Amino acid sequence: MSAPPTDSGSSSLTELERAPRSDAHMRAEDYQPVFTGPARAELNELLTHYPTKMAALLPALWIVQRERGWVSEPAMAEVAAVLGLTPAYVKGVVTFYTMYHQHPVGKYFVQVCTTSPCNVCGAEDVVRAILKHSGAGELGVTSGDGRFTVIEVECLGACGFATPVMINEDFIESVSAERVPEILDSLP
Amino acid sequence: MGFPHRSHPRETPVLSQHFGDPDARSLAGWRQRGGYRALEQALTMEPAAIVGIVKESGLRGRGGAGFPTGLKWSFMKPGDGKPHYLCCNADESEPGTFKDREIMRWTPHALVEGCAIGAYAIGAETAYVYIRGEFTEPLQRMTDAVREAYAEGILGPNALGSGKRVDVYVHKGAGAYICGEETALMNSLEGRRGNPRIKPPFPAVAGLFGKPTTINNVETLAAVPHIINNGAEWYKAMCQGNPKSTGTKLYSVCGNIARPGNYEVVMGFPFKDFLYDLCGGPPPGRRFKAIIPGGSSVPIQTIAEAEATVMDYEGFVAEGTMLGSGGVICIDDAQCMVKQIARLARFYAHESCAQCTQCREGTAWTTKIMERIEAGQGTREDLDTLLEIADNMTGKTICVLSDSCAVPVVSGIQKFRDEFEAHITQQRCPFRGAAAGGGVATAVAA
């Protein structure tokens, strides 16, 4: 997908702008409810932590993403129904936070920190190496084999271990461009 | 301790004493190291007495603002009939800062204990630890520690058999720098977009769920058990500079530095010794050019200013900057200041919540102009435009994210104007292709 021209002062697309416009990315399971069985029990336990149901919204969305890999519109509607909110409200919250995927991503979601402390330590070389070696080629685009989606991320809070790279839930410290092939090749 | 490096003899490891020691993570290991004695003692005391000790110790907020912790706690009125809340701000996202991450990774029970004492002291039965979503390991360590503490009856309806209720919950953020701002954090915890709120009302009056709330940084709360155990006088005595700055401070050191990591020193330590002796100075063959000593939101120092600085709240202000969060970003002479300031501006543009016009437009335009200059397409007028935008972004918005974007731009133009002008006159970045270590003099002359 190529980037449409933008005059917003920022050349990077938001996830919303990148979201596919058709429902071709929807899988059968994306239309199935998430909050049944253990996931529902987990949410019920979470609800005891807060005086309002709404406060469980971020945790509920995390459960959705863990179970489905992303947060689809049907899932947002389900969360809204469970927590007594409107789907539009839930979407408003989802779009505020960068970590909820609004479209499916590759098997490995790779986030590379390029903010200044990492930038002065060569983070941009790491990004280039990952884009090349993963076959993704372009930021935010999933590689042809469906394995990698790579994004630049703002400060991961591990600046002394430049450059930190997150692959799904795993945090890899002190990544240099030279280490990239070894790291990516070691993934199952 | 200079984790991941060995502790330096001139450090004073209090909070960082057990960094790198996996045995300190478990409840049993933590108890062997004196853990939960302070909570046990605190639960036998009157809450006001705990607030008094913390006030007397001189402990100030370690998240950035440096507000006296005991005074903040004293704003919580006991017996007002309302539920009180404690929020622990573990949304550590300030570029250059990674100290809270290590506290939670290595000594999660220290934070659980600090939260429990803090909650009890302010009359709260519930504390929420809001941890940024990217911190997967700290989240796991904290979740495990809280689970252990409940299983052993340290937390819950009858904390340590005291008959008092203390609940601690871990709450996972979802990727937003702005949620480190206290009122944005509360909105986020309530299940809203992380937009900061207009103050007043201040959190102590109407905070989380509209109830009286205190919000403290991880490092601040982790220091509290030590103060209860050793006394206010012990804490106050750790001071080599201004008596208003007491105790130890964790500094996260990163960027172009020989030994990056976390270092803990007594307030008032000389910054020059810190940078060269403890952290090993710049990488081989390079020289320091600039230091951002308190996370990316504080004014940039030239190396001459940094070398003259005494490391405490007042000492950093005296040298034109702030202690902030203690995230020391080192920049050497091979780096282009214009590029790095442009990158910081992009960070703020990305992280603006966009509710205030000055910030939404200001961060975006600052980034656009900075990147234009960096690409060699800037004009002399651009520098004036940047300063004018910065002026419009300062002191005019709900929170200080806007100001934080203006700060590196203004201090950068003031202190590294030659680099900006070199980009404009040469119509390219003088550092691109310049030999590493040559510095701006070589780069500008090239």
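The values are calculated or read from the model by the stated rules, or taken from the named source; none is laboratory data. As the structure is a computational prediction, the values presented were derived from the model and not from experiment. Please note: Cβ atoms are built from the backbone with ideal geometry, for glycine as well, and neighbour counts cover all protein chains shown. These accessible areas exclude ligands, DNA and RNA; they are computed on the full protein's heavy atoms, side chains included. Shrake-Rupley method; radii C 1.70, N 1.55, O 1.52, S 1.80 Å.
Please give the peptides A:125-135, B:306-316 ranked by average Cβ packing (other Cβ atoms within 10 Å per residue), highest first, as a rough proxy for protection.
Working: A:125-135: 18.6, B:306-316: 21.4.
Ranking, from highest mean packing down: B:306-316, A:125-135.
Using just the helices of chain B, give the 222 nm mean residue ellipticity in deg cm²/dmol: DSSP H runs with n ≥ 4 each add -39,500 (n - 2.57), and the total is spread over all residues, rounded to 500. Numbers along the way, then the final one.
On the way: 18 runs with 183 residues, N = 446.
Value at 222 nm, helices only, nearest 500: -12000 deg cm²/dmol.
With both bridge residues required to lie in region B:22-235, what share of the DSSP beta bridges run antiparallel, to the nearest 5%? Before the final figure, lay out the partial values.
Details: 2 of 20 bridges.
Around 10 percent antiparallel, to the nearest 5.
Give, ordered by residue number, each residue of region B:229-266 whose 1.4 Å probe accessible area is reduced by a minimum of 20 Å² on adding the remaining protein chains to the chain alone.
Residues of region B:229-266 that lose at least 20 Å² of accessible area once the other chains are added: B:C254, B:G255, B:N256, B:P260.
Looking at chain A, what % of its DSSP beta bridges pair antiparallel, to the nearest 5?
55
Under 19 Å from a point 7 Å along the Cα-to-Cβ line of B:E314: which residues of region B:261-305 have their amide N that close?
B:266-272
Please check: in the Gaussian network model of chain B (C-alpha springs, under 10 Å), which one of B:E351, B:E94, B:E152 has the largest mean-square fluctuation.
Of B:E351, B:E94, B:E152, the Gaussian network model singles out B:E152 as fluctuating most.
R0 = 60 Å: FRET efficiency of B:I198 with A:E124, Cβ-based, nearest 0.05?
Details: r = 39 Å, r/R0 = 0.64.
E between B:I198 and A:E124, to the nearest 0.05, is 0.95.
For all pairs of alpha-carbon atoms in region B:337-445, what percent lies in each bin of width 10 Å, listed from the first bin to the last filled one?
It works out to 16, 47, 26, 9, 1, in whole percents.
Can you give the charge dipole size of the protein assembly as shown about its Cα centre, rounded to the nearest 20 debye, using +1 on the beta carbon of Lys and Arg and -1 on the beta carbon of Asp and Glu?
Values: 59 positive and 71 negative charges, 141 e Å.
Rounded to the nearest 20 debye, it is 680 debye.
How much net charge surrounds B:L278 when only the other residues with a Cβ under 12 Å from the Cβ of B:L278 are counted, with Lys and Arg +1 and Asp and Glu -1? Intermediate values should be presented prior to the final figure.
Working: positive: B:R6, B:R10, B:R259, B:K272; negative: B:E11, B:E264, B:D273, B:D277.
That sum, taken over residues with Cβ under 12 Å, equals 0.
Hey, got the average number of other protein chain Cβ atoms within 10 angstrom for residues in B:169-180? Intermediate results must be reported in sequence, preceding the final value.
Values: counts 5, 2, 7, 5, 4, 13, 8, 5, 5, 1, 3, 0.
Across the residues of B:169-180, the mean count of other-chain Cβ atoms within 10 Å is 5.
Could you look at chain B and say what percent of its accessible area is carbon and sulfur, using a 1.4 Å probe and all protein chains?
Numbers: 8130 of 15380 Å².
About 53 percent, which is the carbon plus sulfur part of the accessible surface.
What figure, in Å² to the nearest 10, do you get for the accessible area of A:D145 with a 1.4 Å probe and non-protein molecules left out?
Solvent-accessible area, nearest 10 Å²: 100 Å².
Using the beta-carbon distance between B:A28 and B:Q240 and R0 = 30 Å, what value does 1/(1 + (r/R0)^6) give for FRET efficiency, to the nearest 0.05?
On the way: r = 36 Å, r/R0 = 1.21.
It comes to 0.25.
Can you say what percent of the DSSP beta bridges in the protein assembly as shown, counting only those with both residues inside, are antiparallel? Round to 5.
Numbers: 23 of 53 bridges.
Bridges in the protein assembly as shown are about 45 percent antiparallel.
How large is the charge dipole for region B:270-332, taken about the Cα centre, if only the Cβ atoms of Lys, Arg (+1) and Asp, Glu (-1) carry charge, to the nearest 20 debye? It would help to have the intermediate numbers written out before the result.
Details: 4 positive and 8 negative charges, 61 e Å.
It works out to roughly 300 debye.
Over the Cα atoms of region B:270-332, each weighted equally, I'd like the Debye log10 I(q)/I(0) at q = 0.11, 0.16, 0.20, 0.25 Å⁻¹, rounded to two decimals.
Values, matching the q order: -0.20, -0.42, -0.67, -1.04.
Do any residues of region A:149-168 show a loss of at least 40 square angstrom of accessible area between the isolated chain and the full protein assembly, using a 1.4 Å probe, and if so which?
Output list: A:E154, A:C155, A:G157, A:C159, A:G160, A:F161.
Please give the total accessible area that chains B and A bury against each other, computed with a 1.4 Å probe and expressed in Å² to the nearest 100. Please list the in-between numbers first.
Working: alone 17410 and 10420 Å², together 23690 Å².
Interface between B and A: roughly 4100 Å².
Among the lysines, which have Cα under 25 Å from the Cα of A:K132 when same-chain residues fewer than 8 positions away are ignored?
Within the straight-line cut-off, A:K132 pairs with A:K107, B:K339.
Quick check: at a probe of 1.4 Å, how many percent of the accessible area of region A:15-94 sits on carbon and sulfur atoms? Walk me through the numbers on the way to the answer.
Numbers: 2250 of 3810 Å².
The nonpolar share, carbon plus sulfur, comes to 59 percent.
Put simply, what bits of region B:189-227 lose 20 Å² or more of accessible area when the other protein chains are there, versus the chain on its own (1.4 Å probe)?
B:E190, B:G191, B:R192, B:R193, B:F209
In whole Å, what is the distance between the alpha-carbon centres of region B:1-79 and region B:230-254?
12
With the convex hull built on the Cα atoms of the protein assembly as shown, state its orientation-averaged projected area in nm². Could the numbers behind the result be given before it?
Working: hull surface 107.9 nm².
The number I arrive at for the protein assembly as shown is 27.0 nm².
As an exercise, use a Förster radius of 41 Å and the Cβ-Cβ distance of B:Q377 and A:E67 to find the FRET efficiency, rounded to the nearest 0.05.
On the way: r = 48 Å, r/R0 = 1.16.
It comes out at approximately 0.30.
Roughly how far apart, in whole Å, are the Cα centres of region B:126-165 and region A:170-188?
Centre-to-centre (Cα) distance: 33 Å.
Starting from the 7 Å offset along Cα-to-Cβ, what nm value, one decimal, do you get for the label separation of B:N229 and B:A151?
Placing both labels 7 Å along Cα→Cβ, they lie 2.3 nm apart.
How many nm is it between the label spots at B:Q427 and A:A88, if each spot is 7 Å from the Cα in line with the beta carbon?
Label at B:Q427, label at A:A88, 5.2 nm between them.
So with the 1.4 Å probe, I'd like the accessible area per residue for the protein assembly as shown, rounded to whole Å². Write down the numbers at each step before the final one.
Working: 23690 Å² over 634 residues.
I get 37 Å² per residue for this part.
How many Å³ per residue does the convex hull of the Cα positions in chain B occupy? Show your work: numbers first, answer last.
Numbers: hull volume 56.2 nm³, N = 446.
Residue-normalised Cα hull volume stands at 126 Å³.
Contact order normalised by length for chain B, with contacts defined as Cα pairs under 8 Å and 6 or more residues apart; what percent is it? Spell out each step's value before the answer.
Numbers: 966 pairs, mean separation 70.3, N = 446.
Taking the mean separation of contacting Cα pairs over the length of chain B, I get 16 percent.
Tell me, what is the percent relative contact order of chain A, built from C-alpha pairs under 8 Å that lie six or more residues apart? Mind dumping the intermediate values first?
Values: 245 pairs, mean separation 31.9, N = 188.
Value for chain A: 17 percent.
Hey, how much of the P(r) for region A:53-152 falls beyond 18 Å, as a percent of Cα pairs?
Numbers: 2685 of 4950 pairs.
Considering region A:53-152, 54 percent of its Cα-Cα pairs are separated by more than 18 Å.
Just tell me how shielded A:116-128 is by partners: mean number of partner chain Cβ atoms within 10 Å of each residue's Cβ, no decimals.
So the per-residue partner count for this stretch is 6.
Determine the shielding of peptide B:337-349 by partner chains: average, over its residues, the number of Cβ atoms on other chains within 10 angstrom of each Cβ.
Numbers: counts 0, 0, 3, 5, 1, 1, 10, 3, 1, 9, 6, 1, 4.
Across B:337-349, the average partner-chain Cβ count within 10 Å equals 3.
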